[in-house]
Amino acid sequence: MKKKQILCILALLCLGLITSQNKLNVSKKLYPIIENGLWGYIDSSGKQIIKPKFKSASLFEENLAAVRLNGSYGYIDVTGAFKIHPKFDMAHKFQNGIALVYIDGKPFLINKKGDKLFDHNYSEIKKSSEENIYFVRNKKGKFGLITKSGKKIISPKFTRIGSFSNERLIVHKNKKTGVIDTNGKWIIPLGKYDKIYPFKSGLALVTIPDVKENEDDQAFIDVNDKIQFKIPFDNWRLEYDYEFFNDDVASIKITPSQANNLIISNSEKLPDYAGVINTKGEILFSSKDFKEITPFSNDVAFVENFKNKYSLINVKGEIISSEFTDLVHDTYDIKPEKLFENGIDFVETKDGWGVINTKGEFIKQPREFDFDYSHVSRSGRFLILHQDISIENNSYSYQYGFWDSQNDIVIEPQFFRLEFLQNNDLVYVLNNKEEVGYIDYKGNYIWKHKENKEIKKLNIDYMNRGYFYASSPYKKELAGYGGWGGSNNNFQKNNDVTKLENEKFEVYVDSEIKDIYKKEYNGIKLFVRNNSKDTIFFDAQDSRLDLKIQAKDKKGKWRDIEYSPNSWCGNSYHSLFLPFNHFWEFTIPVYEGEFQTELRAKLSYKKTLEGKEKSMYSNTFKGSINPAQFWRKQTYYSKGLMDPYND
């Protein structure tokens, strides 16, 4: 399966373009497919309903799907007819009759007629959890709030903004934190507390500034900023990963008191044990046998004892079912809403994995799986089985299978990716042959992508990620520089000096030399060559040069259409060098789009190892691109624990 098409489908999934379809509004669920580089639709039986003809496509939401016919997006109905004709760089799903779209990189809200709801000067618009409220960001990077009609609730002035909880919003400005309500009214002024955590069960944890020594500096306040209780750190502390309160109770850790205040060694200290408090800070129950307690959900929670066994308890701390050997959740990192989702949860016993209800009763008896797996996760009624393949596979850390607990069907781990599309009948998969497709819950393929071996131009609606990998050999006087990142693209010696202009270091694109880019797209050659009689140095990132293609926009301004990603790992960064009379050779894609323009390459370099970085530009050449290539980055998928990139 071709990686470009894989990434395209994955990006649509994570961006929310491929989402659940509205059962009430859509009589037949349709699924996007790709054939010969074009997108169409099938139904859940695999029958083709809309012939492939789009460059991009999404699932239907509220009877409409966002599709790209050429370079721009519009919306079609379930017959394939355009209801909103293509005119957007990018288009997202409809929610309550409103969709977010982009024109020349600028966001707008539209209705189902395709009309803008209002004009503005914001650089970003994002839906909040409150129905009528949107977050906005201005060109200076400040955040504010508006209604769906564009009316200002509060002007952009915050450096950071959180999410609504209990109709309260935490905001940050000038390194100070405060809280506003849905009308923009101040509930807690900026700077009153050093830290404020989100409200849950009507309470928020705050850190009180300037407290006296040995006094407790953390407290819970209510939605009107009244302190309900302080945290007595000498007695107990909160389990922070549990989001504090849920079902009006919170898990805590209690430090046992030592007899007569004797000084004892760490090995003799009694371990902290778990308990539960109410919204008044009163301990409802605790037990020295309880090591961890998950958040409560549906008035029950899991407790782990010091023998690493699990039980189900009620709000009185009474054990109502035991002993489980494992949970599908990590007790240290579980979101309360994921516990007993739809009234059921997965547990493991000595007999295997089963499903229980909130009474602790097995509604699906435990069963073993006759294959190896590393750990599990959950999606609705499905137990997802993770099999570690990181040792034998350089590109993927896991492959996945699943157990359909409702129908007791097991699909062994064999997919690099699984996507259970909510309220749909099919599962999106990427198999171990790197082929994408849809399977039913029995594991039968409903549709599988047919590989298209035709070489074509690269037609995309996002910025291409940096791909200019190069290497230079180790040199003693440059210890630690060169040869990192595993690139095999070594510099080459120029044997025909007449091809180089004297005393010149240059980047040159030769559109007459044809090649293949990433094994499936038309490409041309780019050369970085040095005849300056000096060694040239480059800041590199895992052997990637800071080299990118630019294009002129409609106003004639040069803008990047490719980007260098960011790595959080210091080991990614190093230096490369290019000596006199040598060159690197690269293949760049031939882009295809609806906008005819000029292109060039931009390269960052240094004259000395510790010198100031400069920019160099190549010759220009003709080409075509799509509008979203100027501004949109795809969602990036980490290849595993050792992948330090997030874009």
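Structure data summary
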| quantity | calculated |
| --- | --- |
| Criterion: surrounded by 16 or more Cβ atoms within 10 Å (Cβ to Cβ), of a type in the set (Lys, Arg) and closer than 18 Å to residue 238 by Cα - qualifying residue of 280, 335, 291 | 291 |
| Qualifying residue in the range 632-646 (condition: closer than 30 Å to residue 388 by Cβ, of a type in the set (A, V, I, L, M, F, W, C) and part of a loop (DSSP other than H, G, I, E, B)) | yes |
| The range 436-455 - residue that is surrounded by 17 or more Cβ atoms within 10 Å (Cβ to Cβ) and among the aromatic types (Phe, Trp, Tyr) and, of those, nearest to residue 42 (Cα to Cα) | 447 |
| Residue selected from the range 474-502 under the condition part of a loop (DSSP other than H, G, I, E, B) and modelled with pLDDT of 90 or more, by the criterion farthest from the chain's Cα centre (by Cα) | 491 |
| Residue 311, sole failed condition from (1) of a type in the set (Gly, Ala, Ser); (2) out of contact with any His (no Cβ under 9 Å at 6 or more places or on another chain); (3) under 28 Å from residue 428 (Cα atoms); (4) surrounded by 14 or more Cβ atoms within 10 Å (Cβ to Cβ) | (3) |
| Every residue from the range 331-362 that is on the phi > 0 side of the Ramachandran plot and touching a Pro at 6+ places or on another chain (Cβ under 8 Å) | 352 |
| Filtered residues of the range 559-581 (kept if of a type outside the set (Val, Ile, Thr), buried (at least 16 other Cβ atoms within 10 Å of the Cβ) and within 29 Å of the chain's Cα centre (by Cα)) | 560, 562, 564, 565, 567, 572, 574 |
| Unmet criterion (only one of (1) in a loop (DSSP other than H, G, I, E, B); (2) touching a residue at least 60 places away in the same chain (Cβ under 8 Å); (3) not charged (D, E, K, R)) for residue 220 | (1) |
| Selection within the range 513-531 - surrounded by fewer than 13 Cβ atoms within 10 Å (Cβ to Cβ) and either at pLDDT below 95 or outside the structural domain of residue 582 (by TED's automatic domain parsing) (or both) | 519 |
| Every residue from the range 28-39 that is part of a strand (DSSP E or B) and touching a residue at least 40 places away in the same chain (Cβ under 8 Å) | 31, 33, 34, 35 |
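Let's see how each residue does on (1) in the same structural domain as residue 66 (by TED's automatic domain parsing); (2) polar (S, T, N, Q); (3) farther than 30 Å from residue 372 by Cβ; (4) modelled with pLDDT under 95:
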{"site": "433", "(1), (2), (3), (4)": "no, no, no, yes"}
{"site": "472", "(1), (2), (3), (4)": "no, yes, yes, yes"}
{"site": "504", "(1), (2), (3), (4)": "no, no, yes, yes"}
{"site": "507", "(1), (2), (3), (4)": "no, no, yes, no"}
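This table checks each residue for (1) in a strand (DSSP E or B); (2) small (Gly, Ala, Ser); (3) surrounded by 19 or more Cβ atoms within 10 Å (Cβ to Cβ).
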{"site": "41", "(1), (2), (3)": "yes, no, yes"}
{"site": "45", "(1), (2), (3)": "no, yes, no"}
{"site": "67", "(1), (2), (3)": "yes, no, yes"}
{"site": "74", "(1), (2), (3)": "yes, yes, yes"}
{"site": "78", "(1), (2), (3)": "no, no, yes"}
{"site": "84", "(1), (2), (3)": "yes, no, yes"}
{"site": "91", "(1), (2), (3)": "yes, yes, yes"}
{"site": "101", "(1), (2), (3)": "yes, no, yes"}
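The values are calculated or read from the model by the stated rules, or taken from the named source; none is laboratory data. Everything numeric here is computed off the predicted structure, so don't read it as measured data. Glycine gets a Cβ as well: all are built from the backbone with ideal geometry, and neighbour counts include every protein chain shown.
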